[in-house]
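The values are calculated or read from the model by the stated rules, or taken from the named source; none is laboratory data. All figures in this text were calculated on a predicted structure; none of them were measured in a lab. Cβ atoms come from the backbone with ideal geometry, glycine included; neighbour counts cover every protein chain shown.
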Amino acid sequence: MLKTFNDLADFSDEEIRALIDLANRLDAHPEPEALKGKVLSLLFLSPSLRTLASFQAAMVRLGGGSFVISPDMSIHGLESRHGIVMDGVAAEHIREAVPVIASYGNAIGIRAFAERKSLEDDMAEKEFRALTSLVDKPWINMESAMGHPCQNLADWKTLDDYSVPANGGKFVLSWAYHPKALPLAVPASTLYTAARRGMDVTVLRPEGFELPPSVMDKARTAAENAGGSVRESDDRREAMEGAHIIYAKSWSSTRHYGDRIADQKLRNELDDWCVDEPWFEPAAPDCRFMHCLPVRRGVVVADGVLDGPRSIVIHEARNRMLAQMAVLHQMMGDKA
Amino acid sequence: MLKTFNDLADFSDEEIRALIDLANRLDAHPEPEALKGKVLSLLFLSPSLRTLASFQAAMVRLGGGSFVISPDMSIHGLESRHGIVMDGVAAEHIREAVPVIASYGNAIGIRAFAERKSLEDDMAEKEFRALTSLVDKPWINMESAMGHPCQNLADWKTLDDYSVPANGGKFVLSWAYHPKALPLAVPASTLYTAARRGMDVTVLRPEGFELPPSVMDKARTAAENAGGSVRESDDRREAMEGAHIIYAKSWSSTRHYGDRIADQKLRNELDDWCVDEPWFEPAAPDCRFMHCLPVRRGVVVADGVLDGPRSIVIHEARNRMLAQMAVLHQMMGDKA
Amino acid sequence: MLKTFNDLADFSDEEIRALIDLANRLDAHPEPEALKGKVLSLLFLSPSLRTLASFQAAMVRLGGGSFVISPDMSIHGLESRHGIVMDGVAAEHIREAVPVIASYGNAIGIRAFAERKSLEDDMAEKEFRALTSLVDKPWINMESAMGHPCQNLADWKTLDDYSVPANGGKFVLSWAYHPKALPLAVPASTLYTAARRGMDVTVLRPEGFELPPSVMDKARTAAENAGGSVRESDDRREAMEGAHIIYAKSWSSTRHYGDRIADQKLRNELDDWCVDEPWFEPAAPDCRFMHCLPVRRGVVVADGVLDGPRSIVIHEARNRMLAQMAVLHQMMGDKA
């Protein structure tokens, strides 16, 4: 039985393959009784559209159901600090809320974005661990400070669906401009995923936006084991040479992590980092565009790319639901 | 299989009859397995109470489920303008959000009220078409600028339930006072519905609140084909003569469409347009009061009417669920 | 068939026992088909976390589903005043909204906290009766001005689960400090519950926070019938002597009910009413701590108590779901 779904690194290649096979099977052959009477608790401490929708849909398709709790649904803001005297606004502490919400479900999904104050705290998943340590049920990471395994599994399936080579496939993870500093969860875990799949991965990013050394190292080790490679570049043309996939994503400056003003100053110069058709000139002819969504048009990517045949973002987003159905099935199904 | 439910005008009399028969059958003989494992995506770009509740209830009664997305549920405001550089507040464009949300369901319902800036744009369903053109699944109009087919089907069933004559039945669609300028969707589509049913329909409205010529023409043609008639009046007593039904609804001034100040000035004089018992004096003795709800008491209609035996608004509202169950059954059921 | 679930006082001992037995049975032996295709309407006029989550989860576990309506979900604020001319913000009256929402379900749950303007009105459940009088379906009190029967049934089950003696068990209902004036629903109905169970109950509260005489009288009568007793005290040590349970809860000053400033002035002196380990010195060695949640740490109760072995609040909260499953099963199940 699957107990936690937190990081693809916790799974063997065979286990990942089994999840993707199950996702494909559930797409082809629905099992509307698999999770009959089973409940998924969904706790969103950060906003959501795809995750919110796809988990609810996944549970219905498997015959179960879910409920959603987010702090803005009630007067009860949730306090998370340890040892605090709660005489302010928050009427409830996560130490009660999380176990109670978990107790109503057969499993729980939790989302809490990075606080982006301290890179060290975020890398250590300080907040997310505080939440999950309170759960004694199977749980799913619906995006934490550094992880987004549901997106990763969906992306792996998407690469398979489009027959992108595992070994020999060239995957470019490209930073893109965005008016706001965004978390590292998607770029860090996407890098690992492509490397783990055995692809030759280039992290294309301007200076100041290097991914943290431990993130790079984890990916390099995974690539070595799988017959792939990981390198970094700030040269668009070189990075895109022969690429099968460009996966665009904006993220915070790691040089100025938690320093909003310095980050803003640095990124303000970089608004030409908008993926556009000319980027693809050195790439493989059928090079595809991926993004986890939501994506800002004309900012992260040009309309022409997103609306053209290179874009597989809608297929990728639908795979979220299918990948999650596989996880839920293994977590709560009778054979689980 | 039913592919879209957008306008009663797209359906033959036999098809409308079949939907109402199915609604009655599902009321008498529940089918809690009909849509097992099926998902309805619900996208609300405008507020809702009845539609929100009745669609969710309908899916559960048929053994499936649904999820709700409304932009205020997340930081992601939805951008809809074409070719825009998204460097403002909105983090997601409808061109991604709508296909993704649709991809998680077996069908999707969409609500987007009239923008009420340009009558031409609203009459052309400019915004709603932009949304539905992005959907490759069966879809349901949950109220657009000019249409509200779920309300229309529920109203048709309500008229049947109360044995209101189709041919020879007199139906008064009456404007009513309201402090705010409201969309034309309900009056325009209700007029068509009553006319299509073969009734003799009078649009009772003050000057400046005439329904658009194309709306009147569409209803007149439908009435002619069905043995009914359509006329306009601003004379309450004449309009109500022998009426079997008064259907009250406030709507925007078409003379000043999109001009909030001019509309307000015109309507400020008209707060005596509150349906009250004396209105019924020339009507048929058992003349009924209908309204799509929500309704403002003491403004649109007097308490005495709404709380008295003439009012069938609760029955009418419950028929929303039953009518929608029929539509959903035809759209997603195994025989669909 | 269970028609209303509003007050444990409406049920015989055998009926309460049957509900708890059913809750235990459904916990041990799930019945994921019991409420197939059945819908619970959930109307929240006051905020919620546990009730919101546990009712949704309960319906899924029994094979049905639910939908949630709260006024902040739409532009339609709900008007409740009688005979009002609705030309202000509220676009809908409870006289329409409640019957319509009820009509979409097989049963309805309603929550409306005390208005805390007039003790007389709140004691008479003026607002809640106005709401439930509009319902012609089975209904559940999800917390009204003076009642919270779902909490009460869950608490009764919790006392059973921990083998707390019914006769001879000592139950202390203790007022606790809180920065805000809270309703009387939980203390009043908890007092009744413990008394009804036959326990020796002490209401421990500072002066000015006496529970209303009719509340005390109802509990005393119940205790007498069940072989228990009810007394009041403002002496912590005396009250806790031999106690098996301390149930903490803050509530409004009844001396200054509805007078926010006077209440605040009185409670400001009482912030030492925070349940802490020294309170337990005269109690039974395994004296347990209960609270309905949400609870403010360091304000109502010290971290050490809440995180230690005395606290059974998570178990208590999970029993909400199980107790409600029993109620829903009796209300909507086929044998119901």
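Being within 24 Å of B:Ser189 (Cβ to Cβ), hydrophobic (A, V, I, L, M, F, W, C) and modelled with pLDDT of 95 or more, is that true of even one residue in segment B:257-268?
yes
Please specify each residue of segment B:305-321 satisfying the condition of being more than 10 Å from chain C (Cβ to nearest Cβ) and out of contact with any Ser or Thr (no Cβ under 7 Å at 6 or more places or on another chain).
B:Gly308, B:Pro309, B:Arg310
Basic (Lys, Arg) and away from every other protein chain (no Cβ under 12 Å): is that true of A:Arg297 in this structure? No.
Scanning segment B:21-47 for residues that are in contact with an Asp or Glu (Cβ under 8 Å, 6 or more places away or on another chain), over 23 Å from C:Met332 (Cα atoms) and buried (at least 21 other Cβ atoms within 10 Å of the Cβ) yields a total of 0.
Restricting attention to segment B:199-210, the residues that are surrounded by fewer than 21 Cβ atoms within 10 Å (Cβ to Cβ) and under 19 Å from the mean Cα position of the chain (by Cα) add up to 1.
Meeting the requirement of 2 or more residues that are of a type in the set (S, T, N, Q), the helices (runs of 4 or more DSSP H) wholly within segment A:260-336 are A:260-268, A:313-332.
Exactly one residue among C:Asp160, C:Asp200, C:Asp136, C:Asp121 is in contact (Cβ under 8 Å) with a residue 60 or more places away in the chain, among the charged types (D, E, K, R) and out of contact with any Leu (no Cβ under 7 Å at 6 or more places or on another chain), and that residue is C:Asp160. Taken together, the residues in segment B:89-118 that are free of Cβ contacts under 8 Å to residues at least 60 places away in the same chain and farther than 28 Å from A:Val301 by Cα amount to 1. Consider segment A:68-88 and keep the residues that are more than 26 Å from the chain's Cα centre (by Cα) and within 22 Å of C:Arg111 (Cα to Cα). The one that is modelled with the lowest pLDDT is A:Ile75. Flag: A:Cys292 does not match the condition of being free of Cβ contacts under 8 Å to residues at least 60 places away in the same chain, among the hydrophobic types (A, V, I, L, M, F, W, C) and assigned by TED's automatic domain parsing to the domain that holds A:Thr193. Here segment A:223-253 is the region considered, the condition is being within 18 Å of the chain's Cα centre (by Cα) and either outside the structural domain of A:Tyr192 (by TED's automatic domain parsing) or within 22 Å of A:Asp160 (Cα to Cα) (or both), and the residue that is surrounded by the fewest Cβ atoms within 10 Å (Cβ to Cβ) is A:Lys249. For segment A:20-57, the set of residues classified as facing another protein chain (nearest Cβ under 7 Å), part of a helix (DSSP H, G or I) and over 17 Å from the mean Cα position of the chain (by Cα) consists of A:Gln56, A:Ala57, listed by residue number. Under the condition of being out of contact with any strand residue (DSSP E or B) (no Cβ under 6 Å at 6 or more places or on another chain) and either on the phi > 0 side of the Ramachandran plot or within 9 Å of another protein chain (Cβ to nearest Cβ) (or both), the residues counted in segment A:93-103 number 5. Evaluation of C:Gly258 against the conditions (1) at positive phi; (2) over 25 Å from the mean Cα position of the chain (by Cα) shows that the sole unmet condition is (2). Do the conditions hold for B:Asp122, that is, is it touching a Pro at 6+ places or on another chain (Cβ under 9 Å) and crowded, with 20+ Cβ neighbours inside 10 Å? Yes; evaluated as a whole, the condition is true for this residue. Annotation note: Cβ proximity below 6 Å between a residue of segment A:1-21 that is more than 15 Å from A:Tyr192 (Cα to Cα) and a residue that is surrounded by fewer than 13 Cβ atoms within 10 Å (Cβ to Cβ) (sequence gap 6+ or interchain) occurs for no pair. Cβ-Cβ distances below 8 Å connect the following pairs, each with a first residue in segment C:61-88 that is more than 8 Å from every other protein chain (Cβ to nearest Cβ), a second residue that is at pLDDT below 90 and assigned to a strand (DSSP E or B), and a separation of six or more residues or different chains: C:Pro71/C:Leu78. Here segment B:211-222 is the region considered, the condition is being crowded, with 16+ Cβ neighbours inside 10 Å and within 19 Å of B:Gly168 (Cα to Cα), and the residue that is nearest to the chain's Cα centre (by Cα) is B:Ala219.
If you check C:Met86, C:Met59 for being of a type in the set (A, V, I, L, M) and either in contact with a Leu (Cβ under 6 Å, 6 or more places away or on another chain) or at positive phi (or both), only one passes: C:Met59. Scanning segment C:263-290 for residues that are surrounded by 15 or more Cβ atoms within 10 Å (Cβ to Cβ) and either of a type in the set (Gly, Ala, Ser) or within 26 Å of C:Asp121 (Cα to Cα) (or both) returns C:Asp263, C:Leu266, C:Arg267, C:Ala283, C:Ala284.
Taken over segment B:1-35, the criterion of being of a type in the set (Lys, Arg) and closer than 28 Å to B:Glu96 by Cα is satisfied by B:Lys3 alone. Taken over segment A:261-317, residues that are of a type in the set (Lys, Arg) and more than 24 Å from B:Arg81 (Cα to Cα) amount to 3. A:Ser54 meets the conditions (1) surrounded by 17 or more Cβ atoms within 10 Å (Cβ to Cβ); (2) over 18 Å from A:Ala185 (Cβ atoms); (3) polar (S, T, N, Q) in every case but one. The failed one is (2). Sort out which residues of segment B:295-336 are crowded, with 23+ Cβ neighbours inside 10 Å, of a type in the set (Gly, Ala, Ser) and without any contact (Cβ under 8 Å) to a residue 60 or more places away in the chain, and write them in order of number. Passing the criteria: none in range. Looking at B:Asp160, B:Asp136, just one residue is over 23 Å from the mean Cα position of the chain (by Cα) and more than 14 Å from chain C (Cβ to nearest Cβ), and that residue is B:Asp136. Considering every residue within segment A:177-198, establish whether at least one is of a type in the set (D, E, K, R), over 30 Å from B:Ala90 (Cα atoms) and surrounded by 18 or more Cβ atoms within 10 Å (Cβ to Cβ). Checked against the condition, which is being of a type in the set (D, E, K, R), over 30 Å from B:Ala90 (Cα atoms) and surrounded by 18 or more Cβ atoms within 10 Å (Cβ to Cβ), segment A:177-198 yields at least one hit.
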